[in-house]
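Chemist: Take this structure, written in structure tokens, and hold onto it; I'll ask about it next.
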């Protein structure tokens, strides 16, 4: 899991990421997102339950991560984030 957060951090520093459910949803719908990460500890779950569905429709990889706090920090903001979309990889590498 740590390598995922490291890759998101690298993408946020050398590429481009969108942070937050609304921005991620727009990026997926527009076909801009390369990878989407959704936090498992979001409450209520309804906030993010649509993301895996629209990612599948668009053929975009959607990965669940354990912590919205770690997700936000790795995306370069100092607060929690329910979802992050990688738009430009930069130097980041994902499996």
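Values in this text are rule-based calculations from the coordinates and carry no lab data. Quantities reported herein were computed from a predicted structural model and do not represent experimental measurements. When we count neighbours, we look across all protein chains shown, and the Cβ atoms used for this are built from the backbone with ideal geometry, even at glycine.
Chemist: Going by average Cβ density within 10 Å per residue, which order do the peptides 79-86, 22-29, 43-50, 4-11 take, highest to lowest?
Modeler: Ranking, from highest mean packing down: 79-86, 4-11, 22-29, 43-50.
Chemist: Give me the percent relative contact order of the chain, please, defined on Cα pairs under 8 angstrom at least 6 residues apart.
Modeler: 46
Chemist: OK, next. With a/c under 1.5 counting as rounded, go ahead and sort the range 2-88 into rounded, prolate or oblate using the C-alpha gyration tensor (a ≥ b ≥ c being the square roots of the eigenvalues; past the cut-off, prolate if a/b is larger than b/c, else oblate).
Modeler: Here the range 2-88 falls in the oblate category.
Chemist: For the chain, what is the calculated [θ] at 222 nm in deg cm²/dmol (nearest 500), taking -39500 (n - 2.57) for each run of four or more DSSP H residues and dividing by its residue count?
Modeler: Rounded to the nearest 500, the figure is -11500 deg cm²/dmol.
Chemist: Among bridges DSSP assigns within the range 2-88, what percent are antiparallel (round to 5)?
Modeler: Around 60 percent antiparallel, to the nearest 5.
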